[in-house]
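Chemist: Take a look at this one; I'll ask things after.
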Amino acid sequence: MNNQKKTKEQLIQKLDELQEKSARQADRQRKAIATLRKKEQRYHRLIDSANDAMITMNSRGKVILWNKAAENMFGYTIDEVKDAFFDLITVAPQKHKNRFKAVIAEEEDVIGPNEAYARNSKGQKFPVEVTTSTCRADRERFVTIVVRDITARKKTEADRENLIYELQLALEKVKTLSGLLPICASCKKVRNDSGYWQQIESYVSEHSDADFSHCICPECREKLYPGIKRK
């Protein structure tokens with residue numbers, strides 16, 4: 001009888017220990033889940049605060065992450081684009097589908113940045129810079145694409161190229177005279193770079209944008225035409 005009572009007490013004690021252990025495990029599990037949720041929330045806040053569009057797809061090409069910048073850039077929600085990313089966003093869908101399959105197969109870690117064209121919900125094409133990275137989790141490979149709108153940068157580059165071109169044209173039109181200019185003390189002809197003497201008017205016109213308008217100064221008029229009075 002005493003043995004039975006002792007055994008019963010041991011079982012009750014063992015059951016209490018198991019219940020206490022189970023409660024501790026459940027408490028640790030709740031804390032771990034709460035910590036994981038907080039980390040997940042911080043992660044999503046970080047992703048949504050990014051200026052660049054961030055998109056993650058699984059190995060089947062289904063979009064599983066689509067941040068706020070992606071919504072603003074392309075004009076689609078994740079529900080609208082999750083099964084039709086390549087058809088809605090890319091300019092050449094089949095080309096990018098094939099490239100996506102190659103990325104999954106080749107298991108490259110980071111690709112890019114590369115420049116391409118994307119398309120928004122209004123059908124407007126615009127230039128983008130794309131960087132692709134891959135990772136593996138739970139035996140599946142995922143692809144994350146970071147897309148940056150470079151419309152402003154392309155406009156700045158085009159404006160700069162146009163300015164350079166205009167400056168080059170202007171420089172080609174500019175003619176300047178510099179250095180020592182050999183000129184005859186008597187007839188005032190100028191010796192050019194080829195060693196020939198030519199009228200100063202001709203030389204200056206060839207080496208600058210100046211044009212000549214001939215007239216007679218008062219001193220020369222008195223010498224050449226002494227009988228003509230100035231009116």
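Chemist: Give the calculated FRET efficiency between residue 50 and residue 27 to the nearest 0.05, with a Förster radius of 30 Å applied to their Cβ-Cβ distance.
Modeler: Here the calculated transfer efficiency is 0.25.
Chemist: Right, something else. Bin by bin, in steps of 10 Å, what percent of the Cα pairs in segment 171-224 do you find, going until the bin that has the longest distance?
Modeler: 20, 43, 28, 8, 1
Chemist: Additional query: Note down, for segment 50-153, the three equivalent ellipsoid semi-axes (square root of 5 times each alpha carbon gyration tensor eigenvalue), biggest first, whole angstrom.
Modeler: Details: eigenvalues 85, 43, 35 Å².
So the three semi-axes of segment 50-153 are 21, 15, 13 Å.
Chemist: With the chain treated as a Gaussian network of Cα nodes joined by springs under 10 Å, which of 93, 127, 182 yields the largest mean-square fluctuation?
Modeler: Fluctuation is largest for 182.
Chemist: Further question: In deg cm²/dmol and to the nearest 500, what is the mean residue ellipticity at 222 nm of the chain if only DSSP H runs of at least 4 residues count, each as -39500 (n - 2.57), divided by the residue total?
Modeler: Calculated from helices alone, the mean residue ellipticity at 222 nm is -16000 deg cm²/dmol.
Chemist: Mean 1/r over all different Cα pairs, inverted: what Kirkwood radius does the chain give, in Å?
Modeler: Radius from the Kirkwood sum: 26.7 Å.
Chemist: Let me ask something additional. For a 20 Å ceiling on Cα separation, which of these pairs sit above it: 125/154; 68/122; 101/154?
Modeler: In this structure, 101/154 exceed 20 Å between Cα atoms.
Chemist: What range in the chain is the longest one free of chymotrypsin sites (Phe, Trp or Tyr not before Pro) that are in a loop by DSSP and have at most 12 other Cβ atoms within 10 angstrom? All intermediate terms of the calculation are to be shown ahead of the outcome.
Modeler: Details: sites that count: 196, 212.
After excluding every exposed loop site, the longest remaining stretch is 1-195.
Chemist: Give the residue list of trypsin sites (Lys or Arg not before Pro) in segment 12-102 that are DSSP loop and have at most 13 other beta-carbon atoms within 10 angstrom.
Modeler: Numbers: sites: 14, 21, 24, 28, 30, 31, 37, 38, 39, 42, 45, 60, 62, 68, 82, 95, 97, 99, 101; in loops: 60, 62, 82.
Hits after loop and neighbour filter: 60, 62.
Values quoted throughout were computed directly from the atomic coordinates according to the rules given, and no laboratory measurement underlies them. Keep in mind that this is a model prediction, so the values were computed, not measured. Neighbour counts are summed over all protein chains in view; Cβ atoms, including those assigned to glycine, are modelled from backbone coordinates with ideal geometry.
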